[in-house]
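The structure under discussion appears below in the form of structure tokens.
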Amino acid sequence: MNVTVLDRKPDRGAQSHLGFIDCDVHPYVKGPNDFDPFLSKRWLEHKQTIGGRTRQGLAKTSMYPRMSPGVGMRMDSWPKTGGHPGSDLPMMQEQLLDLFDVAYGLLAPLVGGAGGERNVEFGAAMATAVNEWQLAHWCDPDPRLLGAIQVNVEHTEAAIAEIEKRAGDRRFAQVNIPPRGLEPLGRRRYWPILEACAANGFPVSLHLGGTGGHASTGGGWPSFYHEEHPSYVQTMQTLVTSLVCEGVFERIPNLKIVLVEGGFAWLPALCWRLDKHWKRLRAEVPHLKRSPSEYVHDHIWVTTQPIEEPERPQDMLSILEWIGPDRVMFSTDYPHWDQDDPRYAFKIPLPDDWKRKIYRDNARALYNLD
Amino acid sequence: MNRHVVAKVEDIQPGTRKIVTVKGREIGIFRVGDDFYGLINRCPHQGAPLCRGEIVSRLVAPSPGDYRLTRPGEMIRCPWHCWEFDIRTGQSLCDPNSVQARAFDVAVEPGRALVEGPFVAESVPVTVEETYVVVTL
């Protein structure tokens, strides 16, 4: 058994990942000054002399595990030329884009701190700078890479202006909002921004990470990284529940939400629970015209990483069926330590039509790609 | 099965590893003290280059808060998802009964014995004065 596991080579069917669309790729800066050319003199001076103010209480602690030397990166992703994993385009091409003939890679920049910045004017300036940086350093040099528009959702006016400025620019695929915010995303204060995303044809990607300023679990701060990692699921569940219950999808019928790096096996059980209570509590939320699970299926897409690995591998097929194979999109999370390899992430063969959807067609349709 | 000379003993210092290619397979040769072990450079989980990971100890805790650092330098931690394997056997820490990295026989041989053959020298020239690390595959 051991040798069988080890020596297995991708069979013909397993080659179907080639040409996939990677829904979670992390670019990183080469140095702390990468964003400077894209900041106005006013904000550059602010960055250099005052700096950011995040919502993270435990200043200078790393959210990432130190299991791997560095900051939770794949150990073989440190560029030989120096610099940080994800900062070197040729290496990203070698380890990801060219290796798997990736059709498109959707960028999820977790740098710049725009989304969680408490000084919202500075946050808005950093958002613009990170957007320009994505184009200059990634999307223009390699058109397979598609940017994610950064905004600070606590500055409504600036966020909408940034979204409208990028409308029609095919180098951007979506708007990226940190899922850990000051309030659950379905609250009315965020509706104008969500409306702007939908009106301008941008899905909203909610990528785990960032700091909302609140403890990462409903019961307080975790002691271990092992405890922190599954808290991503709680965050995603809070978002889905908030968006559904607040009636966001009634208000914005063409809003499309993509959950990134939260896994997905938990989603069917959450929908069952929401549906059950909707039958009992409809009088409290009369604005919900349809069952929660219908809103979820019509408006929410999930990406695979960090993929669940059920004890009985065949159970994965049931999970995908419950969510709907038309709503699941493959993602690697390159170059993070918990990234998934498209050849081996699924521990059971998928039906051919599911593979096509999950590796390519769902993302192609959602993002309107060639 | 052939014997392949992959390194001089002094090329691999205690606590370090060298990754070699034998018959097209990448194998990590580990030196723990004066003992040598070989593991395939491929994690059974998702295919990462296993032998390039951190060499660590085996940390055990009979109960919460009671930690014992055991077997220093005898575990290899995968550079991707941090699954740990026993360098001596390839046995995994997470699921020792069913997940294992393939281990190879590694021996130390004096050059005097090797020159009598048969062996495959790969890219290591053999002289009678030296001692060598030999993989059987």
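Can you spot a residue in the range A:57-65 that is within 14 Å of another protein chain (Cβ to nearest Cβ) and either assigned to a loop (DSSP other than H, G, I, E, B) or at pLDDT 95 or above (or both)?
yes
Which one of B:R71, B:R88, B:R112, B:R58 is part of a loop (DSSP other than H, G, I, E, B) and more than 14 Å from every other protein chain (Cβ to nearest Cβ)? Spell out the reasoning first.
On the way: B:R71 fails: part of a loop (DSSP other than H, G, I, E, B); B:R112 fails: part of a loop (DSSP other than H, G, I, E, B); B:R58 fails: part of a loop (DSSP other than H, G, I, E, B).
None of the others qualify; the one that does is B:R88.
Of the residues in the range B:115-137, how many are touching a residue at least 12 places away in the same chain (Cβ under 8 Å), away from every other protein chain (no Cβ under 14 Å) and in a loop (DSSP other than H, G, I, E, B)?
We begin by selecting, within the range B:115-137, every residue touching a residue at least 12 places away in the same chain (Cβ under 8 Å); these are B:115, B:118-122, B:124, B:126-137.
Filter again for away from every other protein chain (no Cβ under 14 Å), leaving B:115, B:118-122, B:124, B:126-136.
Next, from what is left, pick out any that are in a loop (DSSP other than H, G, I, E, B): B:115, B:118-119, B:121-122, B:124, B:126-130.
Matching residues across the range B:115-137 total 11.
Quickly run through the range B:39-55 and pick out the residues that are part of a loop (DSSP other than H, G, I, E, B) and in contact (Cβ under 8 Å) with a residue 40 or more places away in the chain.
Matches in the range B:39-55: B:R42, B:C43, B:P44, B:H45.
Please list, ordered by first then second residue, the pairs with beta carbon atoms under 6 Å, 6 or more apart or interchain, first in the range A:279-305 and closer than 30 Å to A:F20 by Cβ, second basic (K, R) and in a loop (DSSP other than H, G, I, E, B).
A:W301/A:R327
Take A:I257 and tell me if it is among the β-branched types (V, I, T), at pLDDT 95 or above and over 20 Å from the mean Cα position of the chain (by Cα).
no
Can you go through A:Y295, A:Y334 and tell me which one is within 14 Å of chain B (Cβ to nearest Cβ) and at pLDDT 95 or above?
On the way: A:Y295 fails: within 14 Å of chain B (Cβ to nearest Cβ).
Sole residue among the options that is within 14 Å of chain B (Cβ to nearest Cβ) and at pLDDT 95 or above: A:Y334.
Go through A:V120, A:V175, A:V111, A:V153 for me and flag whichever is touching a strand residue (DSSP E or B) at 6+ places or on another chain (Cβ under 9 Å) and closer than 26 Å to A:Q56 by Cβ.
Values: A:V120 fails: touching a strand residue (DSSP E or B) at 6+ places or on another chain (Cβ under 9 Å); A:V111 fails: touching a strand residue (DSSP E or B) at 6+ places or on another chain (Cβ under 9 Å); A:V153 fails: touching a strand residue (DSSP E or B) at 6+ places or on another chain (Cβ under 9 Å).
The match here is A:V175.
Return the residues of the range A:311-331 that are more than 22 Å from A:L97 (Cα to Cα) and within 14 Å of chain B (Cβ to nearest Cβ); say none if nothing qualifies.
Hits for the range A:311-331 are A:E311, A:R312, A:P313.
Which one is modelled with the highest pLDDT among residues in the range B:115-137 that are in contact with a helix residue (DSSP H, G or I) (Cβ under 9 Å, 6 or more places away or on another chain) and more than 23 Å from B:E26 (Cβ to Cβ)?
B:T131
I'm told A:M91 meets every condition in (1) in a loop (DSSP other than H, G, I, E, B); (2) at pLDDT 90 or above; (3) crowded, with 16+ Cβ neighbours inside 10 Å except one. Can you identify the failing condition by its number?
It fails just one condition, (1).
With the requirement that a residue be within 11 Å of another protein chain (Cβ to nearest Cβ), buried (at least 21 other Cβ atoms within 10 Å of the Cβ) and touching a Lys or Arg at 6+ places or on another chain (Cβ under 9 Å), what does the range A:337-370 give you?
Result: A:W337, A:Q339, A:F346.
Please identify the pairs in which a residue from the range A:71-86 that is outside any loop (DSSP other than H, G, I, E, B) has its Cβ atom under 9 Å from the Cβ atom of a residue that is surrounded by fewer than 15 Cβ atoms within 10 Å (Cβ to Cβ), counting only partners at least 6 apart or on another chain.
If the second residue must be surrounded by fewer than 15 Cβ atoms within 10 Å (Cβ to Cβ), the pairs left are A:M75/A:P69.
Quickly run through the range A:18-43 and pick out the residues that are in a helix (DSSP H, G or I) and farther than 24 Å from A:D88 by Cα. Walk me through it before giving the result.
Step one: list which residues in the range A:18-43 are in a helix (DSSP H, G or I), which gives A:36-38, A:41-43.
The answer is A:K41, A:R42, A:W43.
Residue by residue through the range B:14-38, note down the ones that are polar (S, T, N, Q) and either in contact (Cβ under 8 Å) with a residue 60 or more places away in the chain or closer than 25 Å to B:V115 by Cβ (or both).
Let us first name the residues in the range B:14-38 that are polar (S, T, N, Q), namely B:16, B:21.
The answer is B:T21, and nothing else.
The values are calculated or read from the model by the stated rules, or taken from the named source; none is laboratory data. Here the structure is a predicted model, which is why all the values come from computation and not from measurement. Ideal geometry is used to build each Cβ from the backbone, glycine not excepted, and the neighbour counts take in all protein chains shown.
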